[in-house]
Structure formats: structure tokens, C-alpha cells
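Okay, so here's the structure we're looking at.
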Amino acid sequence: MEKRVPKIAVLTFLFSFLIFSAKLWAAGDAGAPGSFLNFGTGARSQAMGSAFTGLCDDVSAIYWNPAGLSQLARNQLTFFNAPLWEDTHYLFTGYGHPTKKLGTFGIGLINLISSEFEYRKTISAHSEGTFHINQMAFLFAYGRKFFPVLSAGLGFKIVQKGMPIEDKDYFGGGFGMDLGLLYHPQDIKGEGFFWKQLKRLSFGVNLQNLVPPKVQMEANGTFCSKETYGLNLKFGTSYCVRNLVPRLRDKLTVNIDLDKPYLRGLKVAFGGEYWFKNTIAFRLGYGKGDINFGLGFLYRWLQADYAFTPHDLGLSHKFSITLKFGRQVIELEEFTRYRAKLQTEEYYKLGVEHYRAGKLGDALAEWDKALIWSPDDLEIQKKVEEVSKEMEITVTRKLMEKRIGQAYSFYEEGKLIDSLDEWREVLKLDPTSIRAKEYIERIEGKLSRIEREKYLERVKEKKKGEIVRFLGKGDRLYEEGKYVQAIREWEKILKINPKHTLARENIDHVRKRIEWLIDSHLSQGKDFYGKEDSASAIIEFKIVLKFDSENKEAKEYIEKTKEQAAKIVKKVSRREIDTLYYEAADLYLKGKYEESINILNKILELDPVNENVYKLLEKAKSVLELMGKK
């Protein structure tokens, strides 16, 4: 009889657990081998009704679809807790580690702990105490993008089950394997409405328990029960739209999942999330017979997610915390041509919004960002050129309107000298202004001899002030190494006073220094050219052209160096160059200028004649100079 007691206790537990599970899973999985693994991981996916197979773009892909790990741009560590009913807790911890060339590795632990089950020798007998059951799954996953549009992944699991009853600890374990695929056609070629919609889709498949775990429960050599987990086929699709309202930096994602467990009916789940300013997320989903709701919050490297589900037993709350850290890996979807195109479209749309609102400066700033992602976009280049001219005209017009208004006001008040000053400023802005010329002539005719002398003295003092200002600005530019700009300031002095000795001496001195610098950089460029260091040579010759844009020798050597580079530099794929460039662009726009410069220099080692790289490199260096970090 004593040998049968543990078996009866097990039957008692199973009977109690099945009643509880009917409410817990509410999806027809109760009592199925390994049903504790059907709950899912992560509050984010739970809030979307567990429809996540086709999206799986975070570390919880370890469970949902290991192929999705290929989408991780940085290391991720997540903690998930779902306190359930009847002293039951469901926990998940996962870590994903992307590498530059080997793909992404992930490990995770799922733990379901159920306590306070009564122990009875028979179903009708009195309780003789309580026991608990502990189910765990150690997960090991790997995902990698094998083609531009296709990722694959493997998931391995070690399942353990423990249940201490009286003086015996029942324990069992097994091994299983999952296979996942993820198709994301963002990089396929094609234009038009159909292709645009297709590029917004992704499709995922996960064959869970392709190698099924077989768990044999035993204690002290006594075997109790054996269960084999059934194959579970999951198929999911996800549709993502970015920038519905560009200035909100929003994103809407809609997911649908089909789940076909072994010997059970097909289940459907669907859900979605809406990100506002890439900071706050609102989620809604339906799955396992329940409606789910959720929220998310993202700040830099920290993401917090919450989900809740109304049940007959009450509200079910789920919580996740995810940490994102480490250096961003570059061989990922974030840095494909398609992603760059999305970024370009985002900044372009923001620029258009600013332009329509009359904010020309803000529009140009956004289009400048767009050109960093797509430097060869002729349409945006033309737009920038047109709006820059329009802005210059607008600024001049507004300044003229202000000056003209003040000139009229002074004239009406009888302040003729002040009015004359304003009309002369208008004439500087628009030398063809007939109105300015007429009023200058009219006012000069009204001035008395004393007023004319007073005005001439005032003009003289004003010119002295301008000369002092131009001298100071020229000196400051000289100290910053901006010699050409310094000369321009001092030349303004000579227009006021052609005999100004100090300005002329400064110009002569700086021109001699520029000549020396041109010779020096030409010499260094030739040395690099002789050593077949094409990137360094081109940088030196470009510096020469900054001082003298028509320098014939520098231009000739740049062409020679390009020909040299084509012969000696090893062939590098366009994709590799683009990937590096997009990473540098991303770092630049995030304000990480030094890191961006390091990557741009690396590109120049591979592709010394890349003009777009030189442009971005110059931008990054200029920003560092303004920040005082040369």
C-alpha cells in the first residue's frame, strides 16, 4: 500500500492542477504535456494577444521565434513576471547577445512555480499537508540573417519538472529543439504601391518541439509517469507603418498569429501596438479567448512594459523590464538601404511640414539630416538649394521691411539723420531700391550745413566701430585656423578704408601662411601618394582645395590618387560600405561624433574615393571644432 501512496498523490495533484489550468490557459492546452510553455514570455507580446511570431524583434524571440534574434541591434537583458492565482508565479529571464559576424546568441529561463497544493492519499481523504510543483525550461537560442530577406534560428530547451511529496522528490527532465524562420522583404527591389506594402510586412514560422522533449518522472528509482511534448506549429505575420504623423515619430504595428498544436484545433491571435515619439506605446490584443491591454515606456536603454488581462478569476497583471546596452552591431536591418530610405523619408516629411508652416530654417535642418542618410538624393539636394535661396530672400526681405518701417517712423518724427541711416542700410541690402535712393536724396536736401557735418561725423564713428568689429572677428577666425574667412573680414575693412595698414598687413601675413600650408599639404599628399596611402593623400589634397579651390596640382593629384586606389585597394562589397556608412550616419545624428569619425576613417581605408564619406567626415569634424574638441 505504501508504494501506491505517491501515485495516488500524483493523481490528486493532476486532478487539482487540471481544474486550475482550465482557467489559467483558457485555450484548450490544459493537461497537454509541456502546457506551461504555452503561456509565452514578455509583457509586450502578452499585451498583443501573444501574436508575436512574425514580429519577434526583442530578446523574447528566444521563445517566440529564435530567427527573430537576428534583429537585435544591441545586447538585451529582460525580466518578466506574471503573478497568477492560487500562489502561482510565472517568470522569465532572457539575455540576447548579437555579434558582428556570427549572428545572435540567446539564453533564457522559464519558471512556473505552483504552491499550496493539498496532499491526500485518496481524493476523498483528509489533507495531510501541502506540496508544490516547480517546472523549468532552460532555453538556448541562435538566430542569424542568412540572406538579406531571410533569417533562421534554432532553439534548444532543457525541461525539468520537480514535485516533492512526503519523503520523495519526484523529478524529470528532457531535451527539445525548435526551428524558426523569419522573412522580412524590406530589401527586395520594386517600386509602387504593392511593393511598398510588401516591404512593410514580415512573416515568421516557428516549429516548437520539432525535437520533442520526453520527460520521465521518477523518485528513488521509482518511475511514475512519462510525457512527450507535442509539435506546435506557429505562423505569424506583422505589418508595420512608420511616421503616420511624421512630427510625432510614431509607428503602428499590427500582428496576426496562427497556432496549431499537435492533436488540437487551430487557434488565432491578433494584436498591435502604437508607439508615440518612440517613447510611449499603447497595446491591444486578443488571444486564448481573452482581450489583452498594455502599455510600454522606452527611455534610452531602459524599456518597461505592462500588460493586463481580465479573467473570470480576476485581473491578470504582467510586467517586463528590458535593458539595452553595449555597442550597436552593424550587420543588422537598421543599416540596410531600405532602413536608410525610411530615415530619409522621415526627415524629408518633417522638413516639408516645417516648410509649409513657414519655418524655413527648421525645414533645412531636417533635409540636411535626410541628405546624411541619402547623400545622392538629387530631389532633396534641389529642394535644399531652392529653399536656401528662398530663405536668404525671405530674411533679406524681412530685414528690409524692418529697416524701411524704422526709416518711415524716424522721418515722420523729424529724426532725419536716424531715418537717413536706415535708408542707407536698406540700400546695402538692395542696391537697386528706387525708394531708398529717393528718400536719401530728399533727406540730404533737407539737412542744414550743421546737420550734414553732424551726420558725417556720425558716419565716421560708425565706420570706426565697424573696423574694430571686423578686426576682432578676423583675429578670432585666425586663431581658429580659419584663414580664408579671416581674410574676408579684413577685406571688409579695406572697403571702408583702403589705406588701413593693420588690415593690409594681416592679409599679407595670412596669405603667406596659406601659401606655406598649401605647399606643406601638397608635399604630405604626394608622400602619401608615393606610399600608396590613398585615403590620407586625398584628405591632404582636399585641404589644399579649401585654401585654394582652383589649385590645379591638387586637383590633378586627386584624380591620380583615385586611379591608384582603384588598382591597389581590395574589392569591397557595396553592401559592406553602405552598412558602415549608415552606422556612421546613425552615430553622427545621435551626437556621437568621435565614434562616427572612427568609422568614417575605417571606410576610407576600404574605399578612399568615397565623396559622401568625406562630406560627412568634414561635418563631424566641424561640429567637434565648434564644441572645442579638435
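The values are calculated or read from the model by the stated rules, or taken from the named source; none is laboratory data. None of these values were measured; they are calculated from a predicted model. So basically every Cβ, Gly included, is an ideal-geometry build from the backbone, and we count neighbours across all protein chains shown. Keep in mind that these areas ignore ligands, DNA and RNA; they rest on the heavy atoms of the full protein, side chains included. Shrake-Rupley method; radii C 1.70, N 1.55, O 1.52, S 1.80 Å.
Do you know which residues across segment 550-568 are closer than 30 Å to residue 487 by Cα, open to solvent by less than 70 Å² (accessible area, probe 1.4 Å) and under 37 Å from the mean Cα position of the chain (by Cα)?
The one that is closer than 30 Å to residue 487 by Cα, open to solvent by less than 70 Å² (accessible area, probe 1.4 Å) and under 37 Å from the mean Cα position of the chain (by Cα): 558.
Only one residue in 225, 238 is touching a residue at least 40 places away in the same chain (Cβ under 8 Å) and over 21 Å from residue 112 (Cα atoms). Which one?
Of 225, 238, the one residue that is touching a residue at least 40 places away in the same chain (Cβ under 8 Å) and over 21 Å from residue 112 (Cα atoms) is 238.
Checking residue 591 against (1) open to solvent by less than 70 Å² (accessible area, probe 1.4 Å); (2) in contact with a helix residue (DSSP H, G or I) (Cβ under 8 Å, 6 or more places away or on another chain); (3) in a loop (DSSP other than H, G, I, E, B), which test does it fail?
(2)
Say whether the condition of being in a helix (DSSP H, G or I), open to solvent by 40 Å² or more (accessible area, probe 1.4 Å) and either touching a Lys or Arg at 6+ places or on another chain (Cβ under 7 Å) or within 27 Å of residue 275 (Cβ to Cβ) (or both) is met by at least one residue in segment 175-190.
Yes, that holds for at least one residue.
Report, by residue number, each residue of segment 327-346 that is over 20 Å from residue 278 (Cα atoms) and either at pLDDT 90 or above or among the small types (Gly, Ala, Ser) (or both).
Matches in segment 327-346: none.
Output the residues belonging to segment 260-308 that are open to solvent by 80 Å² or more (accessible area, probe 1.4 Å), of a type outside the set (D, E, K, R) and under 21 Å from residue 64 (Cα atoms).
262, 263, 266, 270, 282, 284, 286, 291, 295
Could you tell me whether residue 536 is assigned to a helix (DSSP H, G or I), modelled with pLDDT under 90, over 17 Å from residue 486 (Cβ atoms) and under 42 Å from the mean Cα position of the chain (by Cα)?
Taking the combined requirement at face value, the residue satisfies it.
Being assigned to a helix (DSSP H, G or I), over 30 Å from residue 513 (Cβ atoms) and open to solvent by less than 80 Å² (accessible area, probe 1.4 Å) is the filter here; which residues of segment 439-468 pass it?
Matches in segment 439-468: 439, 440, 443, 444, 445, 451, 455, 459.
Among the listed residues 271, 296, which satisfies the condition of being in contact (Cβ under 8 Å) with a residue 60 or more places away in the chain, farther than 17 Å from residue 39 by Cβ and part of a strand (DSSP E or B)?
Step by step, each of 271, 296 is checked, and only 296 is in contact (Cβ under 8 Å) with a residue 60 or more places away in the chain, farther than 17 Å from residue 39 by Cβ and part of a strand (DSSP E or B).
Touching a Ser or Thr at 6+ places or on another chain (Cβ under 8 Å), under 29 Å from residue 494 (Cα atoms) and either open to solvent by 90 Å² or more (accessible area, probe 1.4 Å) or assigned to a helix (DSSP H, G or I) (or both): is that true of residue 436 in this structure?
For residue 436, the condition - touching a Ser or Thr at 6+ places or on another chain (Cβ under 8 Å), under 29 Å from residue 494 (Cα atoms) and either open to solvent by 90 Å² or more (accessible area, probe 1.4 Å) or assigned to a helix (DSSP H, G or I) (or both) - is not met.
Return the pair list, or none, for Cβ contacts closer than 9 Å from residues in segment 407-423 that are without any contact (Cβ under 8 Å) to a residue 24 or more places away in the chain to residues that are outside any helix (DSSP H, G or I) and of a type outside the set (A, V, I, L, M), at least 6 apart or on different chains.
The qualifying pairs are 409/415; 423/433.
Residue by residue, here is whether (1) open to solvent by less than 60 Å² (accessible area, probe 1.4 Å); (2) out of contact with any His (no Cβ under 6 Å at 6 or more places or on another chain); (3) over 30 Å from residue 273 (Cβ atoms); (4) not acidic (Asp, Glu) holds:
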residue: 225; (1), (2), (3), (4): yes, yes, yes, yes
residue: 231; (1), (2), (3), (4): no, yes, no, yes
residue: 237; (1), (2), (3), (4): yes, yes, no, yes
residue: 241; (1), (2), (3), (4): yes, yes, no, yes
residue: 245; (1), (2), (3), (4): yes, yes, no, yes
residue: 248; (1), (2), (3), (4): yes, yes, no, yes
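Answer yes or no: is there a residue in segment 204-214 that is part of a loop (DSSP other than H, G, I, E, B), open to solvent by 60 Å² or more (accessible area, probe 1.4 Å) and farther than 30 Å from residue 244 by Cα.
no
With (1) open to solvent by less than 50 Å² (accessible area, probe 1.4 Å); (2) closer than 21 Å to residue 520 by Cα; (3) free of Cβ contacts under 8 Å to residues at least 40 places away in the same chain as the list, and residue 538 as the residue in question, which single condition is left unmet?
(3)
Given the residues 353, 366, 379, which is the only one that is crowded, with 18+ Cβ neighbours inside 10 Å and of a type outside the set (Ser, Thr, Tyr)?
366
Here is a yes/no grid of residues against (1) at pLDDT 95 or above; (2) open to solvent by 20 Å² or more (accessible area, probe 1.4 Å):
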| site | (1), (2) |
| --- | --- |
| 33 | no, yes |
| 41 | no, no |
| 53 | yes, no |
| 64 | yes, no |
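Enumerate the pairs (first residue in segment 551-577 and closer than 24 Å to residue 340 by Cβ and among the hydrophobic types (A, V, I, L, M, F, W, C); second residue anywhere and assigned to a helix (DSSP H, G or I) and modelled with pLDDT under 90) with beta-carbon separation below 6 Å, excluding pairs fewer than 6 apart on the same chain, so at least 6 apart or on different chains.
Sorted first by the residue in segment 551-577, then by its partner, the pairs are 572/606.
Please pick out the residue among 371, 427, 471 that is within 51 Å of the chain's Cα centre (by Cα), modelled with pLDDT of 90 or more, open to solvent by less than 70 Å² (accessible area, probe 1.4 Å) and closer than 30 Å to residue 506 by Cα.
471
The rows are residues; the columns are (1) aliphatic (A, V, I, L, M); (2) in contact with a Leu (Cβ under 7 Å, 6 or more places away or on another chain).
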position	(1), (2)
152	yes, yes
159	yes, no
163	yes, no
173	no, no
180	no, no
207	yes, yes
211	yes, no
239	no, yes
243	no, no
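With 105, 147 as the choices, which residue is out of contact with any helix residue (DSSP H, G or I) (no Cβ under 6 Å at 6 or more places or on another chain), surrounded by 15 or more Cβ atoms within 10 Å (Cβ to Cβ) and either farther than 24 Å from residue 311 by Cα or at pLDDT 90 or above (or both)?
105
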